[in-house]
1. Return the equivalent ellipsoid semi-axes of the range 91-157 as a descending list in whole Å, where each equals the square root of 5 times an eigenvalue of the C-alpha gyration tensor.
2. Output the relative contact order of the chain, whole-number percent, from Cα pairs under 8 angstrom with separation of 6+ residues.
3. Quantify how much of the Cα-Cα distance distribution of the range 642-760 extends past 26 Å, in percent.
4. Can you bin the range 744-881 into rounded, prolate or oblate? Criterion: square roots of the alpha carbon gyration tensor eigenvalues sorted a ≥ b ≥ c, rounded for a/c under 1.5, prolate for a/b above b/c, oblate for the rest.
5. Could you please state how large a percent of the accessible area of the chain is carbon and sulfur, counting protein chains only and using a 1.4 Å probe?
6. Taking the range 222-277 as the region of interest, what is the percent of Cα-Cα pairs per 5 angstrom bin, listed from the shortest bin to the one with the maximum distance?
7. Taking square-rooted eigenvalues a ≥ b ≥ c of the alpha carbon gyration tensor, is the range 54-118 rounded, prolate or oblate, where a/c under 1.5 means rounded and, failing that, a/b exceeding b/c means prolate?
8. Using 0.36 nm per residue of separation minus the Cα-Cα distance, give me the extension gain between residue 194 and residue 556 in nm, one decimal.
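The values are calculated or read from the model by the stated rules, or taken from the named source; none is laboratory data. Just so you know, these numbers come straight off a predicted model, no measurement behind them. With ideal geometry, Cβ positions are generated from the backbone for all residues, glycine too; neighbour counts draw on all protein chains shown. What goes into the accessible areas is simple: the full protein's heavy atoms, side chains included, and nothing from ligands, DNA or RNA. Shrake-Rupley method; radii C 1.70, N 1.55, O 1.52, S 1.80 Å.
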Amino acid sequence: MACRGLVLVVVCALLGAALPSGQTPSQSEGVAVLLEQLEAAVQAGDRDRFAVLFGPAVPPDQIQQFGDDLLRSDLLRAQVRERDRVPLDGALPGDGYRLVVELFAETARRARILTALIDVRRPSGGGPGSWRITGTEGLTAVEGLYRLAVNASTQYSAQNLTIEAEDLQLTLQEGDVFLVEGDEGVTGLVLLGRGVMRFAPAPETEKGQLRIFSGGDTLTAPFDTAFVRVSPSEYEARVDAAGLAPVPLNPRQLRRAQDVLAREGPKSFSLDLNELSPDVWYLLPPPGDLLAEVRTRRHGTLTYSRSGAQAEDITLFDRERRRTIALYPSAQRLAARGRSYSEDDLRDYDVLDYDIEATVSPERQSVEGRARLRLRVRSFSLSTLTLRLADSLAITAVASAEYGRLLHLRIRSQNSVIVNLPAAVGRDTELTLLVAYSGTIEPQSVDAEGLQAGGQGQDDAPLVTPERSFLLSNRSFWYPQNPVSDYATATLRITVPEGYGCVASGAPRTGTDVTLRDLLTLPASGTSSVFTASEPLRYLAVVVSRFVRVGESTIDIADDDRVRIAIDANPRQQARGRALMGSVEDIVRFYAGLLGDAPYPSATVALVEDELPGGHSPGYFAVLNAPLPYTGFTWRNDPAAFPGFPDFFLAHELAHQWWGQAIGWRNYHEQWISEGFAQYFAALYARQTRGEQAFVNMLRQFRRWSVAEADEGPISLGYRLGHIKGDTRVLRALVYNKGAAVLHMLRGLLGDDTFFNGLRHFYTEQKFQKTGTEDLRRAFEAEAGRSLERFFERWIYGAAVPRLRYATSIGSGAVTARFEQVGEIFDIPVTVTILYADGRVQDVVVPVTEASVEQAIPTKGVARQVQVNRDYAAVAQFQRF
């Protein structure tokens, strides 16, 4: 049953145009009458009324099968909606269509949504009532939608009732219990009374985070209310029903339990069915999963989740403060896959290319967009797919070039949308998805995945108000995207109000680059810009502000490649922007020289006003904050404050074009591959342009903050460092500064040639991919010809700071340096500096890789003094014997 013109129909529908079917009102009415008759037959469960809706050529067994899928005797409500239609091949104009139809079927406690392709025809000369179904195909269903309710007939009294999950124990010492039931049985409990929550994570790293949150390795928190969701199949195993005694119903307690379900229930395992149903419909937790919303007296409501769908399936979360307290794999998950994992393992499909048209209003903080996603299926079979899109953005239409308009459902409070396909598709199938959406959206601050110094506010109001800028990037979810980020090419057409400009992911099209489509889609008002990303990107971003183009150039880099440089600045920052051009060119050349290329053919710096310095660097451009004077903030006591290196933020953000964009990270544990590398490359540029002392000053700050914040956790915790306390300085101290220091120590152990060769090989092999610490380790081991397992284990996955005792002596013709490690053994390059009587200085790196190391260093004159770690390269605590 092939159909023609489908892509055109879909695009016209999304753009609000009339369907090009040539149908008359009577023809449209006839199809509507047929669907009304179908709805009535399904609602009544009447097979006879159902069967007469089919044409005589439809085989009886097909009608029987379709009826078995649709008809039930206990339906309370049925709703049939036409999503899309296209003309049928072989039918006269207006006499046949293929319909995408959705049926919502609701019983007292359960619902499902079925999607089918239905062919309908009208006999030649027939009236509106003569339309019949001539074929069906591709029936899929969203099953397992449940209406949950507190059992209002039974109340239980509990004494020391215990519910357990991995590392969690909830004990209701005394109180009341109400059961939450669905069609499959008990799927939840409401606990009211005096109870204790005990959470004791097994991993040492998580114990450290719990100490920061609660002061101990185990959280013991009294609670007065808890809402627990379980799989009905596991209720009896998880709950000792013998501990529940029926008691007379207390209406006040029942209302409390119902309020708990109404408040806590929709936060998880619930769907928004849009126009199909105004009610809250729930999913059942799969076997093995458990969710507990626990209202504690001291910490507010804490959420424990064991979710097999997540790579790290145990979570403790503070919803109100939006703090992740614990996040780690269960013992079963860890045994099955090991510590290292890639978030790509959770991806059902790859997005190959985005084509986005968006109108962005910074004043209204709104977006109106249309997105086309070309994707390829990774799963063995896929009948529904999930998109990530901000909850505040309403979807007006979803369609595909293959199936027309599609059903979409919102997952509540998760910035997620489920799209239902009318037929399951197999692995490697390519689909084109089109989404129209609009709404308000909060701009993203640069520190969501960027670098911004932490400021300390003062009471006085700022003398100068910064020019507003509106950034939409990876944490905004401003366009429909894969829930698991992946590399894709893109075209962005961005329209902004008059007086505003924008910089976005991709090379800007100008002059002869402009296509016919660009001209045809020019807006009636505002300013439109087109950006093309021919090289793959991890995510797409746009920044809107009042911009002035202050500089353009094209520079030659390695292997005859060229990079187009542009600088856009807020009006008051034009002079500062023009002064940046030379630094931008030098930095791009320097990094390209170290790694062999520049990953993207253009780089635009958007200079925006802000109260604090900082920046954010999506592919193809970087946002750089220009801090205004007298804003009432100071940032000197910050890991990112390097007063002797004014180009630091620019150098760090431009380094992200290589580290963080061209080289991505597999999961948040690998964030240091972005931030630590960008920090170290900024330090290398400081040495290149400002000399050795500027470099040593940065190493000194790297070491100081690494040691000071060591108790907060290992580098591998990524964004979670400082997250519980809401102190982003911890993140910058460890992921940024310690990450950079670790790279410098690795360089000290391997030597310059081995280190930079290994770095180039790693970059070349992993370019436009997401990578991890294990890949980096293997690249350096291949270059060095030796194991580096302990080095990375201690420095990336461990939080301890090595302790060294040392002694030095000046002898005849040699200086002797002796080191002993106290506690765990690290691999540490320690610089021993010999100061000679004639003023010369000699640095020698001593690799301290054993519990005790002694090395004699031949002298080149009369040695006057010996210093240890004068360059601050070793992140360690030193004490003389």
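1. Three semi-axes, in Å: 42, 13, 6.
2. After rounding, I find 7 percent.
3. The proportion of pairs with Cα distances above 26 Å equals 15 percent.
4. It is prolate, given that a/c is not under 1.5 and a/b is the larger ratio.
5. Accessible surface attributable to carbon and sulfur in the chain totals 47 percent.
6. Reading upward from the zero bin: 4, 12, 15, 21, 24, 13, 5, 4, 1.
7. Taking the square roots of the gyration eigenvalues as a ≥ b ≥ c, the range 54-118 is oblate.
8. 123.2 nm
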